[in-house]
Number of protein chains: 2
Amino acid sequence: MTTLRNVRLTIAYEGTNYAGWQVQPEQSSVQGTIEGAIERLTGETIRIHGAGRTDAGVHAIGQVAHFHTESTIPPERFAPALNRELPKDIIIHDSREVPDEFHARYSAVRKQYRYLIDTAELTPPAMRDLVWRVHGAFDEVTLTEAATRLIGRHDFSAFESKSSPDEDSCRTVQDIVVSRVPSAFGWHENHELLAIAITADGFLYNMVRSIVGTMVEVAQGRWTTDDVTRMLKSRDRSQAGSTAPPHGLCLMWVDYAGADQLHCEAESQEIVP
Amino acid sequence: MTTLRNVRLTIAYEGTNYAGWQVQPEQSSVQGTIEGAIERLTGETIRIHGAGRTDAGVHAIGQVAHFHTESTIPPERFAPALNRELPKDIIIHDSREVPDEFHARYSAVRKQYRYLIDTAELTPPAMRDLVWRVHGAFDEVTLTEAATRLIGRHDFSAFESKSSPDEDSCRTVQDIVVSRVPSAFGWHENHELLAIAITADGFLYNMVRSIVGTMVEVAQGRWTTDDVTRMLKSRDRSQAGSTAPPHGLCLMWVDYAGADQLHCEAESQEIVP
């Protein structure tokens, strides 16, 4: 009898050269590339399941995936072993055994995506696939105000592409943090990028990109803060702003609130009276 | 009669996909790529002269080049016009007319190169061509101490590759600043890179990379601070440490102390009594 183990991977990738996370016919995907590496390593043809199906050009720092394996390779050895098989634009930075019922997508309770914007006249070439350059006047204060209108539990249909009428479009946006982060490859030491970090219990298709596209149009004066509230209430995609391009987007982390822990930890037990 | 104008370009590039700055037979170079763009724009087959001949894989934020042209295109229009002709990994971020005798290389009085090091276990894929990942224990304090031994006017033969005995190997290193810079693509918000910025009146071939390679070996405990002084005095390349790889290196800026100004400016005149 063979024992199946559930292994969780934490994955970073530059999405530039992939058609996205998800396996697609005759195209290179992050998922397919990792599945190929697992097959070369273990001989098993398996499917891995990711927490977020990032689009072509979207990056990840902390994507999470899981897969069931019969392999006797110690779970924590998968990361270094797979890294030897993977191209340089994908890195597994952690691998560990997780409970059998753990699912990278369905067990997630929170995720954070970050979008990077450069308002400089030109973006340094080294950052060209990592940030969205936005031209012209840009009112960051209004953008930050508009962001607060989206925090909370709402029907985000107005910020969803290809919505299916059957599915629930309610999500809870826990936080939207707008900040300036230094660019390691800026024109000068003080060159900063605008980072919009959105934390939610889940995201609809293209939700971050349509929120960011709309917020940028607010910053450019096309919409007011009240327009954002009106868009949200309309539940109509055609009422909201445009969709920001994929390459500024990065999946930062996924939180499982302990569901990815193999053993109950002392710390977790403390919060149960 | 045609008038020749001397035009100065300020150039940023990601060096990953080039055989270096300098034109080489049957290889793609930054210089050759820009010369091709100028030819398509003006019809002129001209040579441009760069301030620093960066190697394959080395990047630039503020490389400077000049060329003489008969074109009637206003000098400041070269930057946007060339950017339309250039691939995305090269950007001209400034173009202006300079005095006829200005030479990007020979008129330079100071340059700064910066080297980025990542001491994390793994480097995020988005930064893989931009930083050098260094493994294991790393004593940053000793590295900073060792750096001070190289400041000043010295014969840097011990830190020069392919030295030619006829040439003067004395250079003045004005400053070596070791600092932590935030990585826009780190594993977490506080992920920082180690930056070594070296400012000098000129650099020998591979000087920054052999200084950085040696300093990293000091940080790893292979050499002491006194060894660095001994290496410098030896004027012998075989006495110093190894050469750091090219991809962590970036040419930051070139200073001409006003020699690139077409007109004497009020500010410059003030310092002459």
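Points worth noting:
- Among the listed pairs A:LYS111/A:LYS233; A:LYS111/A:LYS162; A:LYS111/B:LYS88; A:LYS88/B:LYS233; A:LYS162/A:LYS233; A:LYS88/B:LYS88, those whose Cα-Cα separation exceeds 29 Å are A:LYS111/B:LYS88; A:LYS88/B:LYS233.
- Placing a label point 7 Å from Cα along the Cα-to-Cβ direction at A:SER28 gives distances to the equivalent points in the other copies of 1.4 nm, listed shortest first.
- Label 7 Å beyond Cα on the Cβ vector: A:THR72 copy-to-copy distances, nm: 8.2
- Taking a Cβ cut-off of under 13 Å around A:GLU85, the surrounding Lys, Arg, Asp and Glu residues balance to a net charge of +2, with basic ones at +1 and acidic ones at -1.
- Cα-projected label distance for B:ASP175 with B:THR224, points at 7 Å along beta-carbon direction, nm: 3.1 nm
- Near B:PHE102: Cβ cut-off under 10 Å, other residues only, Lys/Arg at +1 and Asp/Glu at -1. The net charge is -3.
- Of all beta bridges that DSSP places with both ends in region B:110-252, some 90 percent have antiparallel geometry.
- Other-copy label distances relative to B:VAL109, 7 angstrom Cα-Cβ extension, nm: 6.2
- Charge dipole of the protein assembly as shown (Cα centre as origin; +1 on each Lys and Arg Cβ, -1 on each Asp and Glu Cβ, all else neutral): 460 debye, rounded to the nearest 20.
- Ranked list, fewest to most other Cβ atoms within 10 Å of each Cβ, for B:ASP201, B:ASP255: B:ASP201, B:ASP255
- Geometric extent, Cα atoms of the protein assembly as shown - Rg, Dmax (angstrom): 26.5, 93
- Close amide H partners of B:ILE48, meaning residues 5 or more places away or on another chain with modelled amide H under 5 Å apart, do not exist here.
- The GNM of chain B, with springs linking C-alpha atoms under 10 angstrom apart, assigns the highest mean-square fluctuation among B:ALA195, B:ALA257, B:ALA79 to B:ALA257.
- Using the Cβ-Cβ distance between A:ASP168 and A:GLN24 with R0 = 22 Å, the FRET efficiency computed as 1/(1 + (r/R0)^6) comes to roughly 0.25.
- Counting neighbouring beta carbons within 10 Å and listing from fewest to most, the residues B:MET252, B:MET215 come out as B:MET252, B:MET215.
- Taking 0.36 nm per residue of sequence separation and removing the Cα-Cα distance, the A:THR3/A:ILE46 pair yields an extension gain of 14.0 nm.
- Taking a ≥ b ≥ c as the square roots of the eigenvalues of the alpha carbon gyration tensor, region A:110-252 is prolate, as a/c is not under 1.5 and a/b beats b/c.
- Highest average packing first - A:17-30, A:105-118, Cβ atoms within 10 Å: A:105-118, A:17-30
- Fraction of antiparallel bridges per DSSP, the protein assembly as shown only, in percent to nearest 5: 90 percent
- Taking the charge dipole of chain A about its Cα centre, with +1 at Lys and Arg Cβ atoms and -1 at Asp and Glu Cβ atoms, the residue from A:ALA200, A:LEU150, A:GLY221 reaching farthest to the positive side is A:GLY221.
- Relative contact order (%) - chain B, alpha-carbon pairs under 8 angstrom, separation at least six: 23 percent
- Segment B:ARG110..B:ARG84, full-extension length gain: 6.3 nm, with 0.36 nm per residue of separation and the alpha-carbon distance subtracted.
- Segment A:SER161..A:THR148, full-extension length gain: 2.5 nm, with 0.36 nm per residue of separation and the alpha-carbon distance subtracted.
- Footprinting exposure proxy for A:THR123, B:THR45 (fewest neighbouring C-beta atoms within 10 Å first): B:THR45, A:THR123
- Relative contact order, percent, region A:110-252 [alpha-carbon distance under 8 Å, six or more residues apart]: 38 percent
- Taking Lys and Arg as +1 and Asp and Glu as -1, the other residues whose beta-carbon sits under 13 Å from that of A:MET252 total 0.
Bear in mind that the values in this text are calculations on the coordinates, not laboratory data. Here the structure is a predicted model, which is why all the values come from computation and not from measurement. Note that we place each Cβ from the backbone using ideal geometry, even for glycine, and neighbour counts take in every protein chain shown.
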